[in-house]
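I have placed the structure first, in the form of structure tokens, so that the comments after it can refer back to it.
The values are calculated or read from the model by the stated rules, or taken from the named source; none is laboratory data. Since the structure is predicted, the reported quantities are computational estimates derived from the model, not experimental observations. Cβ placement follows ideal geometry from the backbone for every residue including glycine, while neighbour counts extend to all protein chains displayed. Only protein heavy atoms, including side chains, enter the accessible area calculation; ligands, DNA and RNA are left aside. Shrake-Rupley method; radii C 1.70, N 1.55, O 1.52, S 1.80 Å.
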Amino acid sequence: SSSSSSSSYSSSSCASASLPASPTPSRPLLDRVFEIRGGRQATSADQTGNQMSQAEVWKGKKLVESLSNAKGDGTSMISLLIKPGDDIHQAQNLLLQEYGTAGNIKSRVNRAAVQQAITSCQTRLKLTKTIPPNGLCVYCGNVMENGAQKHLTMAFEPPRPLKSGLYLCDNRFHTEALEELFAADNKYGFIVVSGHGALYGILNGNSREVLYSFDVDLPKKHGRGGQSAVRFARLRLERRHAFLVKVAEAATTVFISNNVVNVKGVVLAGPADLKRELGEGDLLDQRVKRAVIATVDTAYGGKGGFDEAVELAGDLIQGLEISKDQKILNQFFSEVGRSTRLAVHGVESTMGLLDSGCVGTLIVWEGLNIRRLAFRTPSDETVVKYGYIENQKDIDDLKFVEGKLLLEHIADACEELGIELRIVSDQTAEGQQFRQGFGGIGAILRYSMTYEDEEEPQSGKNSLKASIRGDDCTDTADIWD
């Protein structure tokens, strides 16, 4: 026997305030994460500012992904979302009621697990006097990890204000509301119209997606027909008008949700005049028409026209993430092609220079699954290698200590060293070239570098000496391969 319950609530009797332990101005960060595993609590330092960096966004998405993938044995995993402005005492009363209801569960094991999770939530809420400005997310329960049960309690302030409160006791954590909060703000819609059909796409941050498309076979102009030429022309215009009506109706279906436009702007694209007839006429829904921000000419329709429209619109739409990715990658390719010693690529070379202070911008492919592996030598020294999850085991006389995603280590290092981190996708031609040709990791350096290969007589390993030449400094560092 198992139990599953849900509840929502709202209140405006309590003014929103920041966490009492935060000495700096409030910030919507997942830095304020209190994670308790087996009684150990880990927190990260809070930072100031209003705009989340790519590293912080990536960390938040990985946290949400890990919560979403967590599975439990029974319905003892609690998801509690408290929106800003709610009274924390109301949430505590809700948990008290749910604790009493859980006493009716017939299964002794499941009843104990649910009550333990509710008790953990109550304990966590007692540590928070007021709800943070963006609300509070609490996740508690027994999760299965490597075939064993572990109790997890996690509470944090989301990056943006929660829209509604939620209480769910299930066999998984519910993160749908958090996934919406981490979605990129600069979401743009594209309508690509040609004589062969229409395509509706969406550009969200640095990822693009085709939402809907359909084909059509419009009659073309011709000089045949004799006395029927006028009739043929009229039939052609009727088919053309009917096609544009269908395009406009589909645009309403795709880009209107809850009676409002669900994108920041709409771009009309295509190889002919159909897009202008659509934009200048009265066929489009007025809400969609007001959201049109640009009309671009493309050489193709369909998916090829969509890709071309994204590139052309990059100069028209300020702050477009995919345009930023293309610009930084083109700068990286330019430095590599000119052999200016201002670019480095590959895991070993890039990570070797990370701590030297000469890295200006670090570029990483978002799907990089290489892990940073730490080993312990017999002389109690730490050796770092890079590999995959199957490499997490002892090697000869090296004892495996720990391993984590290289991207996670890079995100922490860039925040600590003040290095700009660009996490790029492979959904552009530049991104695919970077992933396939350069291993998905590289850096643009602050100073020009000169390399000198030499043999190390003691160890027999190759030494790479880098002379860093800046305006007022000269330094030399050894990077071992």
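From the list Asn110, Asn93, Asn171, Asn69, the one residue that fits, being at pLDDT 90 or above, of a type in the set (S, T, N, Q) and out of contact with any His (no Cβ under 9 Å at 6 or more places or on another chain), is Asn93.
Restricted to segment 179-201, and to residues there that are outside any helix (DSSP H, G or I), among the hydrophobic types (A, V, I, L, M, F, W, C) and at pLDDT below 90, the residue that is surrounded by the most Cβ atoms within 10 Å (Cβ to Cβ) is Phe182.
Taking the conditions (1) open to solvent by less than 20 Å² (accessible area, probe 1.4 Å); (2) modelled with pLDDT of 85 or more; (3) of a type in the set (Gly, Ala, Ser) in turn, Gly60 satisfies each one other than (2).
Could you list, in sequence order, the residues of segment 398-437 that are in contact with a Gly (Cβ under 7 Å, 6 or more places away or on another chain) and in a helix (DSSP H, G or I)? Phe434 - this is the single residue of segment 398-437 that is in contact with a Gly (Cβ under 7 Å, 6 or more places away or on another chain) and in a helix (DSSP H, G or I). Against the condition open to solvent by 20 Å² or more (accessible area, probe 1.4 Å) and within 21 Å of Thr119 (Cα to Cα), how does Lys150 come out, does it pass? Here the answer is yes, as Lys150 does meet what is asked. Restricted to segment 202-227, and to residues there that are modelled with pLDDT of 80 or more and part of a loop (DSSP other than H, G, I, E, B), the residue that is least open to solvent (accessible area, probe 1.4 Å) is Leu218. For the residues Val267, Val254, the requirement of being assigned to a strand (DSSP E or B), within 23 Å of Phe214 (Cβ to Cβ) and in contact with a Phe, Trp or Tyr (Cβ under 6 Å, 6 or more places away or on another chain) singles out Val267. Taken as a whole, the condition of being open to solvent by 40 Å² or more (accessible area, probe 1.4 Å), within 21 Å of Ala55 (Cβ to Cβ), modelled with pLDDT of 85 or more and aliphatic (A, V, I, L, M) applies to Leu417. Within segment 396-405, is there a residue that is open to solvent by 50 Å² or more (accessible area, probe 1.4 Å), more than 11 Å from Ala55 (Cα to Cα) and without any contact (Cβ under 8 Å) to a residue 24 or more places away in the chain? Yes, segment 396-405 has at least one match. Checking each residue in segment 163-178 for being open to solvent by 10 Å² or more (accessible area, probe 1.4 Å) and under 21 Å from the mean Cα position of the chain (by Cα) picks out Lys163, His174, Glu176, Ala177. If you take the residues in segment 79-110 that are in a helix (DSSP H, G or I), without any contact (Cβ under 8 Å) to a residue 40 or more places away in the chain and more than 24 Å from Ala177 (Cβ to Cβ), which one is least open to solvent (accessible area, probe 1.4 Å)? The residue in question is Gly100.
How many residues does segment 129-141 contain that are touching a strand residue (DSSP E or B) at 6+ places or on another chain (Cβ under 7 Å) and surrounded by fewer than 22 Cβ atoms within 10 Å (Cβ to Cβ)?
Of the residues in segment 129-141, the ones touching a strand residue (DSSP E or B) at 6+ places or on another chain (Cβ under 7 Å) are 131, 135-141.
Cutting the leftovers down to surrounded by fewer than 22 Cβ atoms within 10 Å (Cβ to Cβ) gives us none.
Number of matching residues: 0.
Just one of the listed residues (Leu362, Leu278, Leu283, Leu329) is surrounded by 17 or more Cβ atoms within 10 Å (Cβ to Cβ), in a loop (DSSP other than H, G, I, E, B), modelled with pLDDT of 90 or more and not hydroxyl-bearing (Ser, Thr, Tyr), namely Leu283. Between Val245, Val230, which is of a type in the set (Val, Ile, Thr) and at pLDDT below 85? Result of the check over Val245, Val230: Val230.
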